[in-house]
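Some notes on the structure that comes next.
FYI, it's all coordinate maths here, none of it is from the lab. From a predicted model like this one, the values you see are computed outputs, not experimental measurements. For neighbour counting, all protein chains shown are included, and Cβ atoms are generated from backbone atoms with ideal geometry for every residue, glycine included.
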Amino acid sequence: MNQNRKIILSLLVGIICSGAALYFSFRNVPLAQLLDYVITINPWFIIASLLIGLSTLLLRALRWQMILGPVKKIGFWHAYHPLVISFMINCILPGRLGELARPTILFKRDKVEFSKVLATVALERIFDFLALLIIFIVIMGALNVDSSLSLAFNGYQINKETLYAIRTKTIYVSIILMGLIIMLILPTTRNALGRFISWLPSVLIFTTEHFRSRLSKRLSIKTHAILDNIALGFEVLKSPSKILACLLLSFGVWLVTFISFYAIVLGSNGVDITFLQGAAVVIFICFFIMLPSVPGYWGIWEVGGIYGLMLFGVPKVEAAGLTLTYHFMQIIPLILVGLVSAWVTGVNIVQTGYHLEEASAEKAAE
């Protein structure tokens with residue numbers, strides 16, 4: 001019962017935060033006009049967008065199955081169901097706890113060490129990020145953004161300089177990420193990192209030598225085990241052919257996502273943008289939802305979408321209606337599909353959510 005209360009409390013907090021985020025996103029949008037516009041969007045294009053969007057889960061599951069191979073060889077559906085459940089949990093619980101769902105499920109079902117699977121999830125996110133960054137650089141080079149155009153929205157200012165600043169920062173972040181990955185893959189740097197961490201207790205000069213020695217030994221054993229598990233999770237990076245396959249699947253995921261969004265664009269009145277501009281809008285949304293946000297990214301998703309669409313000349317009401325419709329038709333079906341996967345695999349969402357909160361608390365305590 002205590003578990004249920006914690007999950008219900010998390011859901012209530014998420015709902016309240018989502019409501020606040022949506023309020024600040026739409027407080028300057030006339031709601032009557034917004035609703036009138038939403039019902040004019042062609043329902044067949046909405047259905048097409050929904051189905052195309054869900055198909056990205058198949059590509060993601062195939063990619064994760066490949067990344068997970070060196071750690072644990074599993075079948076496609078064995079990878080698909082935990083992945084979908086993790087995405088669903090991200091939509092209903094705060095703190096992106098869904099990222100911990102796959103390691104938790106595989107640990108309970110297949111006894112695979114948590115840190116090994118978590119490393120594969122992190123690597124999958126890195127492939128997503130790198131593919132998105134490359135696409136963003138290409139699109140920004142292809143699109144002609146008016147340097148004099150500046151858009152103010154809810155206290156934010158976006159213009160050509162802002163977009164190029166985002167591009168530069170994402171390049172720096174990607175370089176840092178790749179450096180960290182290389183450091184963890186190479187045994188020499190990995191062992192050096194382990195030795196450094198095990199040396200840290202020596203600075204605790206106010207404690208006894210016996211205590212420092214015992215703590216150093218425990219840290220050394222635990223740190224080396226975790227680092228070795230993470231390295232195994234990154235093992236797929238030692239195969240050029242698998243790196244290429246993962247990158248191609250990542251580009252495929254984003255291409256299908258762009259097509260899903262553009263289907264909504266084609267069915268929306270008063271929205272006249274190109275496919276590349278639509279892809280840029282999706283990228284803006286992705287950059288915004290990378291920030292800490294509420295469950296389901298409600299509010300912050302809308303800010304990114306409205307920003308992008310207005311930047312390409314779409315009026316505020318149409319931009320808000322299209323973005324909200326696209327968001328709703330991506331999130332709600334994902335939750336339903338996740339519930340089906342939980343039912344098929346026998347995963348108890350309430351218990352899983354409780355264990356994820358415990359794992360998150362333990363991680364924060366460390």
ARG214/ALA122 FRET efficiency (R0 25 Å; Cβ-Cβ; nearest 0.05)
0.20
Per 10 Å bin, what percent of the C-alpha pairs of region 201-257 does each bin hold, from zero upward?
20, 24, 19, 15, 15, 7
P(r) histogram, all alpha-carbon pairs of region 218-306 included - 10 Å bins from 0, percent:
14, 27, 26, 21, 9, 3, 0
Can you compute 3J(HN,Hα) from phi for each residue in region 333-347, using the Karplus curve 6.51 cos²θ - 1.76 cosθ + 1.60 with θ = phi - 60°, rounded to whole Hz and x for Gly and Pro?
x, 5, 5, 5, 5, x, 5, 5, 5, 5, 5, 5, 8, x, 7
List every residue whose amide H lies under 5 Å from the amide H of VAL112, counting only residues 5 or more places away in sequence or on a different chain, with H placed 1.01 Å from N in the peptide plane.
PHE107
In what order do SER260, SER220, SER241 fall by count of nearby beta-carbon atoms within 10 Å, going from fewest to most?
SER241, SER220, SER260
For region 266-280, Karplus couplings with θ = phi - 60° (6.51, -1.76, 1.60), whole Hz, Gly/Pro x
5, x, 9, 6, x, 10, 10, 10, 7, 4, 5, 5, x, 4, 4
What is the distance, in nm, between label points placed 7 Å from the Cα along the Cα-to-Cβ direction at ILE175 and at ASP272?
4.2 nm
So if R0 is 25 Å, what FRET efficiency would VAL340 and ALA245 give, r being the distance between their Cβ atoms, rounded to the nearest 0.05?
0.35
Using Cβ counts within 10 Å as a stand-in for footprinting exposure, how do HIS327, HIS224 rank, fewest first?
HIS224, HIS327
Compute the distance in nm between two label points, each set 7 Å from the Cα along the Cα-to-Cβ direction, one at LEU193 and one at MET290.
2.0 nm
On the formula 1/(1 + (r/R0)^6), with r taken between the Cβ atoms of MET183 and ILE39 and R0 of 56 Å, the FRET efficiency rounded to 0.05 is 0.55
For region 57-147, what is the largest minus smallest coordinate of the Cα atoms on each principal axis, given in angstrom and ordered from greatest to least?
54, 30, 22
